[in-house]
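*Asks:* I'd like to ask you about the structure that follows.
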Amino acid sequence: MKSKKSIMSSMTRITAIVLMLVMVLAAVPGFAATFDNSTTFPDGTYTANSVDGSTERVTVSCLGITVSNGKATAQMQFGSKSITQVTIEEDDTVYDTVIDTQEKTATVTIPVKLNEQFTVNATTTAMGGDPKIVHYNITLHVTDPSASE
């Protein structure tokens, strides 16, 4: 029977190997999950007809959408001055917000999906103590310009 020290040593080695594999795989282009904000909308600026994703405490709104080279981004506004940064669920990129303490809002430009739900993870300091992550399932409803053709 193996000693407790021998088992712990084996576990430490296995953990180190797993961590090295994760680091190597994360460095491989295309291996890590990335947020796909591709769209068939032509390049231009758009307005969301409606936005789903608000909670009881925080209103989520879209101030404008830009499509450039087939990729959509939007200026999103959260009705909270306590949201300091956001990430998109499928991506590790951190987007810092611009806080307006008078209006009590946080605004950020992020990649988005049009007419499809995506999840934004927002870091908030509103709940006291350490920052917390709040998940917003957002859908931007936008009229497809090719639908009228």
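The values are calculated or read from the model by the stated rules, or taken from the named source; none is laboratory data. Computed from a predicted model, the values in this text were never measured in an experiment. Every residue, glycine as well, gets a Cβ built from its backbone with ideal geometry; the counts of neighbours run over all protein chains shown.
*Asks:* hydroxyl-bearing (S, T, Y) and closer than 26 Å to T39 by Cβ - does that describe any residue in the range 73-84?
*Replies:* Yes: the range 73-84 contains one or more residues that are hydroxyl-bearing (S, T, Y) and closer than 26 Å to T39 by Cβ.
*Asks:* Separate question: Check E116, E103 and return the single one that is outside any strand (DSSP E or B) and closer than 15 Å to S61 by Cα.
*Replies:* E103
*Asks:* Now a separate question. Just checking, how many residues over the range 47-59 are of a type outside the set (D, E) and in contact with a strand residue (DSSP E or B) (Cβ under 6 Å, 6 or more places away or on another chain)?
*Replies:* Adding up the residues that qualify gives 7.
*Asks:* Let me ask something else. Which of the residues spanning the range 91-140 are exposed (fewer than 13 other Cβ atoms within 10 Å of the Cβ) and not charged (D, E, K, R)?
*Replies:* Across the range 91-140, the qualifying residues are T93, V94, V98, T101, Q102, Q117, M127, G128, G129, I133, H135.
*Asks:* Across the range 119-129, which residue is farthest from V58 (Cα to Cα) among those that are touching a strand residue (DSSP E or B) at 6+ places or on another chain (Cβ under 7 Å) and either of a type in the set (A, V, I, L, M, F, W, C) or not assigned by TED's automatic domain parsing to the domain that holds I99 (or both)?
*Replies:* Restricting to residues being touching a strand residue (DSSP E or B) at 6+ places or on another chain (Cβ under 7 Å) and either of a type in the set (A, V, I, L, M, F, W, C) or not assigned by TED's automatic domain parsing to the domain that holds I99 (or both), the top hit is V120.
*Asks:* Right, something else. Please verify whether Q85 is in the same structural domain as V120 (by TED's automatic domain parsing), surrounded by 14 or more Cβ atoms within 10 Å (Cβ to Cβ) and in contact with a Gly (Cβ under 6 Å, 6 or more places away or on another chain), treating the condition exactly as stated.
*Replies:* It is false that Q85 is in the same structural domain as V120 (by TED's automatic domain parsing), surrounded by 14 or more Cβ atoms within 10 Å (Cβ to Cβ) and in contact with a Gly (Cβ under 6 Å, 6 or more places away or on another chain).
*Asks:* Which members of the range 62-82 meet the condition of being out of contact with any Cys (no Cβ under 8 Å at 6 or more places or on another chain) and crowded, with 18+ Cβ neighbours inside 10 Å?
*Replies:* Within the range 62-82, C62, I65, V67, A72, F78, S80, K81, S82 qualify.
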